[in-house]
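Structure first, commentary second.
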Amino acid sequence: MTQTKQQTQPGKYANTELMKVVNFLHLTPPVVSQHCAAIAKFCTPWPKGLETEEDVEKHFPLTVVTSDHLHSSSSVRDRRARIVTLTFNVDKLDMDEHARDKFTRLVGERLDEETGVVTLTADRCPYRGQNMDYAHYLLTALYHESWRVEEWEQKEQADMEVFEVEGDEGQERVALKELLNEGENEDRLARYREEVRVKLGLPPLSREAEITA
């Protein structure tokens, strides 16, 4: 400690103030208001044309999600802070039918079928900046790979994710379409069985009553 005009100044050794976590959570609301007023002159007004969430999503389709963590310990590092998550809607990408189908197959479960939102998470690298670059690389690689057409992809009939039926197909094909695309249940199985029976000219199903003593 050093004495200067009756004011005690703490030294750099055993100084509890220097051991505190670097944040502003201890500030009172009036002090926070003073800080906001001081930095208000450096702020810019909210840009026009971004009044709604739809406008923001239209002009900024890519969302980057990161997290920061505060600790009461002497360490300010947290491994969870390195994780970077990119979210975007697949409809925002300029792709044709083939590229969209291939992109959907490449991302797999990372695509939400209902909303069309793709989520890419990068956490392999030790630092956030590295994971940010890697996540952007993944998005770029997926996009350009989706546009590539390999030799084995060129087929007379394209692969379909669902079972399709032409207009002149029989009713048994329509029943099969519902069975394969919408899932099995008793009604669809019974309809498909009945349509196949009619197609093959088989007699109707009949059951005789069983008499039990």
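Extension gain THR28-SER67, at 0.36 nm per residue separation less the Cα-Cα distance, in nm?
Details: separation 39, 0.36 × 39 = 14.04 nm, distance 2.43 nm.
My answer for the length gained is 11.6 nm.
Local charge sum around VAL84 (other residues, Cβ-Cβ under 15 Å, Lys/Arg +1, Asp/Glu -1)?
Details: positive: ARG79, ARG80, ARG82, ARG110, ARG124, ARG128; negative: ASP68, ASP78, ASP123, ASP133.
After counting each charged neighbour, the total is +2.
What distance in nm separates the simple spin-label points at PHE163 and LYS92, each placed 7 Å from Cα in the Cβ direction?
3.8 nm
I'd like to know which of THR115, VAL65, GLN34 lies farthest towards the positive end of the charge dipole of the stretch 9-149, counting +1 on Cβ of Lys and Arg and -1 on Cβ of Asp and Glu.
Positive-most Cα among the choices belongs to GLN34.
What aspartates and glutamates could a cross-link reach from LYS48, if we take a straight Cα to Cα line under 16 Å and drop same-chain neighbours fewer than 8 places away?
Reachable aspartates and glutamates: GLU57.
Values in this text are rule-based calculations from the coordinates and carry no lab data. Since the structure is predicted, the reported quantities are computational estimates derived from the model, not experimental observations. No Cβ is skipped: glycine too gets one built from the backbone with ideal geometry, and neighbour counts run over all protein chains shown.
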